[in-house]
2 protein chains.
Amino acid sequence: MPTTNRQWFLAHRPTGLITPDVLQLTESPIPSISEGQALAKVKYLSIDPTMRVWMADFPQYMPPVQIGEVMRAFGLAEIIESRHPNFKKGDKVSGLTGLQEYVVLTGEEKRSFQKLPSMPFLSDTNFLNLLGINGLTAYFGLLEVGKPQSGETLVVSAAAGATGSIVGQLGKIHGCRVVGIAGTDEKCKWIKDDLGFDAAINYKHADWKSQLAAATPKGVDIDFENVGGEIMQAVLDRMNLHGRVVLCGLISGYTKHDPGLASFGQIIIKRLRVEGFLIMDYVLKFMDAGQKLGMWKMTGKLKDRQTIVKGLEKAPEAINMLFRGENIGKLIVEL
Amino acid sequence: MPTTNRQWFLAHRPTGLITPDVLQLTESPIPSISEGQALAKVKYLSIDPTMRVWMADFPQYMPPVQIGEVMRAFGLAEIIESRHPNFKKGDKVSGLTGLQEYVVLTGEEKRSFQKLPSMPFLSDTNFLNLLGINGLTAYFGLLEVGKPQSGETLVVSAAAGATGSIVGQLGKIHGCRVVGIAGTDEKCKWIKDDLGFDAAINYKHADWKSQLAAATPKGVDIDFENVGGEIMQAVLDRMNLHGRVVLCGLISGYTKHDPGLASFGQIIIKRLRVEGFLIMDYVLKFMDAGQKLGMWKMTGKLKDRQTIVKGLEKAPEAINMLFRGENIGKLIVEL
């Protein structure tokens, strides 16, 4: 039985990418659990752009992580000891484990964990991807905010990322023409050849804006926006009247001082509806969404993919990989 | 009978404010009219921020004015000669007269003119203000896009302008707490004391953001945005979850190279809905809106105010007055 818990603490707030002083790796004894608690060993950590937002000290949708706290992260863990009525040894749970090896489940609402159902066609990592935050974000963002109609044109940025790759496939399921924007030819090949996007555009090619125009001959009805900045501006320029912009993320700005600048002029001229959303607003519909996503996965209509980085010590560098666009699909740290 | 028509032509596209080279005043003979046409003498010209947009050469909701064309403008004119079945001498009409003294009504759809009804309690200028573009913009923007609920907090920028001053009063009629942002103490006094806004904030005072916070103790549910830039950002920072931003105008950016920059971050965090709109989408409801606005005006629930500049030759300078914030209420050039 191990006795030591390695944990990444937030030591300094970052100004750009995660420099070595930002997170500090510390060893401490694994806490003993009391009645009503359970101890879980973290197996996989979900590496998400929003972690960079949590590190910053401005008003946001959850409290920022405080200096000296274990860095917040989603993860998947296995119960190794339980004095909690709902969990038994061997159960797998997902939730806010934090960037650490062991986590105590206290039953408090704010750190609530979901016990994973046993589904033979789903791997553990699917629960951090298609059946986790990313699948639900794609599902509610596209279907409830974007409201795609058959025959419409959907553009997705960060299209080879965990969320974007699912958004595009959901768009195809709902009869849209789907155009993805990504940053490498390999990513473009994956979303077009394996995931069935109608077109994929590498924004690092000099002529990408004319490629975008050629790929959207009827304009753009829905922009599922994960990136912001210049990429968002180029998509706004292609939007049709009364188009919808699902504002999911603005990753291009998260490592900058002033995140998410873009021009509002097109919003007036084209009478666009831009709507921000967070999946926490749809908690009551999670079960229904999970069933649909699982069914699509089982029948081969939805694929997900992981980029796995091994070792807790690699977690800070994994966060930076996100902002450098070095992952395809979901970025996960395996412990 | 005069024979000369003075007209302002667009000679060069502006880069900032309207410099003397941008518009050129030319005299030409008043055209003679053919069967099916009518000749009208312009009495009042509506000076609107959108004129600056029309002068610029980027894709927009109407074709930009071309170099060598008479500058586009709304106006009110009186028929002085008619060979058109719908108009007789003495009729008053409103429509796109252009920045000139005489206009020929051709009956073409694109330059269609509305004959003004005779309403004893309305002056001519009301038809360019409360019963014109500004009243309709305020009405549809606030009621159809903003959807105010009684008890909600509404913030209006450019609140002493033609549109903003009506928006705030409509907000009061619909039971909102209404906070206006304007650029002089005189404007603030007018909207608070005469129009009944709950609070008015002069954004040129150093502590205006804390004044805004104090004036919106329950946050902001609707931002009726006419300005953009730093003012919009400050209001976004006060928005409540699921608030609505009615994106009507972005006057702070119209004389800049890159109009309408603001941060999208708050839109995600607070799940805001930002919606651009133009009143042309509501044409079929104009009659109904006009009746309601007229009724509110007659019963004293809505007031409008004009800043009158005399003389066609002052039109370019009048446009600049808008961007310098030198008008209270509707800015009109009287010929």
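The values are calculated or read from the model by the stated rules, or taken from the named source; none is laboratory data. The structure presented is a predicted model; accordingly, all values stated were derived computationally and were not measured. For neighbour counting, all protein chains shown are included, and Cβ atoms are generated from backbone atoms with ideal geometry for every residue, glycine included.
Couple of notes before you dig in:
- Number of the condition not met by A:Thr255 [criteria: (1) in a helix (DSSP H, G or I); (2) under 25 Å from A:Ala56 (Cα atoms)]: (1)
- Candidate set: segment B:251-276, residues that are at pLDDT 85 or above and either of a type in the set (Lys, Arg) or not assigned by TED's automatic domain parsing to the domain that holds B:Ala234 (or both); chosen: the one surrounded by the most Cβ atoms within 10 Å (Cβ to Cβ): B:Lys270
- Condition check for B:Glu78: in contact (Cβ under 8 Å) with a residue 40 or more places away in the chain and among the acidic types (Asp, Glu): no
- Of residues in segment A:14-47 being surrounded by fewer than 15 Cβ atoms within 10 Å (Cβ to Cβ) and outside any loop (DSSP other than H, G, I, E, B), the one farthest from the other protein chains (Cβ to nearest Cβ): A:Pro29
- When A:Ser150 is tested against (1) touching a strand residue (DSSP E or B) at 6+ places or on another chain (Cβ under 6 Å); (2) at pLDDT 95 or above; (3) of a type in the set (Ser, Thr, Tyr), only condition (1) is not met.
- Number of the exception - A:Thr299 against (1) of a type in the set (S, T, N, Q); (2) within 17 Å of A:His174 (Cβ to Cβ); (3) at pLDDT below 90: (3)
- Residue that is surrounded by the most Cβ atoms within 10 Å (Cβ to Cβ) [pool: residues in segment B:277-321 that are of a type in the set (Lys, Arg) and without any contact (Cβ under 8 Å) to a residue 60 or more places away in the chain]: B:Lys314
- Test: residue in segment A:190-201 that is modelled with pLDDT under 95, of a type in the set (D, E, K, R), surrounded by fewer than 24 Cβ atoms within 10 Å (Cβ to Cβ) and in a loop (DSSP other than H, G, I, E, B): no
- A count restricted to segment A:286-318 and to residues that are under 17 Å from the mean Cα position of the chain (by Cα) and hydroxyl-bearing (Ser, Thr, Tyr) stands at 1.
- Any hit, segment A:285-307, residues being more than 14 Å from chain B (Cβ to nearest Cβ) and part of a strand (DSSP E or B): yes
- For segment A:210-224, the set of residues classified as part of a helix (DSSP H, G or I) and within 14 Å of another protein chain (Cβ to nearest Cβ) consists of A:Ala213 only.
- Search result, residues across segment B:250-284 that are at the interface with another protein chain (Cβ under 7 Å from one of its Cβ atoms) and within 21 Å of B:Gly171 (Cα to Cα): B:Leu250, B:Leu272, B:Arg273, B:Val274, B:Glu275, B:Gly276, B:Phe277, B:Leu278
For (1) farther than 27 Å from A:Arg324 by Cα; (2) crowded, with 22+ Cβ neighbours inside 10 Å, each residue gets a yes or a no:
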| residue | (1), (2) |
| --- | --- |
| A:Leu154 | no, yes |
| A:Ser157 | no, yes |
| A:Ala160 | no, yes |
| A:Ile166 | no, yes |
| A:Ile173 | yes, no |
| A:Gly180 | no, yes |
| A:Glu186 | no, no |
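- Counting residues in segment B:222-233 that are surrounded by fewer than 24 Cβ atoms within 10 Å (Cβ to Cβ), touching a His at 6+ places or on another chain (Cβ under 9 Å) and either among the polar types (S, T, N, Q) or modelled with pLDDT of 95 or more (or both) gives zero.
- The lone exception for A:Gly141 - which of (1) over 18 Å from A:Thr216 (Cβ atoms); (2) part of a strand (DSSP E or B); (3) not aliphatic (A, V, I, L, M) it fails: (2)
- Looking across B:Val235, B:Val245, B:Val227, one residue alone is assigned to a loop (DSSP other than H, G, I, E, B), more than 7 Å from chain A (Cβ to nearest Cβ) and under 13 Å from B:Val155 (Cβ atoms). It is B:Val227.
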